[in-house]
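Working notes, beginning with the structure itself.
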Amino acid sequence: MKKILIVDDAIESRIIMKKLLSKFNFEILEAKDGLEGWNMMIKEKPDLVLLELHMPKKDGFETLNDIQEEWLDIPTIILSGDDSHKTIHSCLSNGAAAFIPKPIDKNLFYQKISDRMAEVIINYK
């Protein structure tokens, strides 16, 4: 079973993402901050990370940088309300596989997950 790790300090966001992913056969892991997320990445080796940028203890920018520096090769999708052109460009140029602005658009969310988890056939309409 494929693992998806959700790293977000907002419980509401984690609940929404879990609900959107619940119809698929994924193991869903959760972390409430970047440090907890980083430790889970090392231990659990997820197939995909959904990562918020602005969090306590270790923000998403640091976490994304660490993923690249440690050659973890984990596709990472950034989800954030900070959707300025500069922020999106920074994320994508530093290794993020995709950027999804918050509030989450269900169709865009499913599209980006499907792009990264090719074996998943999604009927989300």
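Laboratory data are not the source of any read-out in this text; all were calculated from the coordinates shown. Just so we're clear, the structure is a prediction, and the values are computed from it rather than from any experiment. Reconstructed Cβ throughout: ideal geometry from the backbone, glycine too, with neighbour counts over all protein chains shown.
If you take all other residues with their beta carbon under 10 Å from the beta carbon of D59, and give Lys and Arg +1 and Asp and Glu -1, the sum is -2.
Sorted fewest first by neighbouring Cβ atoms within 10 angstrom, I113, I78 come out as I113, I78. Residues whose amide H falls under 5 Å from that of H54, counting only those 5 or more places apart or on a different chain, are G60, with hydrogens built in the peptide plane.
Close amide H pairs (under 5 Å, H built 1.01 Å from N) link S80 with I100, K102, residues at least 5 positions away or on another chain. The string of couplings for region 79-88 from the Karplus curve (6.51, -1.76, 1.60, θ = phi - 60°) is 10, 7, x, 7, 10, 5, 4, 4, 5, 4 Hz, one whole number per residue in order, with x for Gly and Pro.
With the simple model of a label 7 Å out from the Cα in the direction of the Cβ, I11 to E62 spans 2.4 nm. Sequentially through region 31-46, phi angles give Karplus couplings (6.51, -1.76, 1.60; θ = phi - 60°) of 9, 8, 7, x, 5, 4, x, 4, 4, 5, 4, 5, 6, 8, 6, x Hz, Gly and Pro residues having no value and appearing as x. Here the residues T63, T87, ranked from fewest to most Cβ neighbours within 10 Å of their Cβ, fall in the order T87, T63. Pairs of C-alpha atoms in the chain farther apart than 24 Å represent 17 percent of all such pairs. Arranged from fewest to most other beta-carbon atoms within 10 Å of their beta carbon, S114, S13 become S114, S13. Under 13 Å from the Cβ of N39, count the other residues' Cβ atoms, weight Lys and Arg +1, Asp and Glu -1, and hand me the total. After counting each charged neighbour, the total is -1.
Here the relative contact order of the chain, from alpha carbon pairs under 8 Å that lie six or more residues apart, stands at 21 percent. Spin-label model, Q111 to D83: label points 7 Å out along the Cα-to-beta-carbon direction sit 1.2 nm apart. Remark on L29: its backbone amide H falls under 5 Å from those of I4, L5, I6, a criterion applied only to residues 5 or more positions apart or on other chains, H modelled at 1.01 Å from N. A Cβ-based charge dipole, computed about the Cα centre of region 2-116 with Lys and Arg at +1 and Asp and Glu at -1, lands at about 480 debye.
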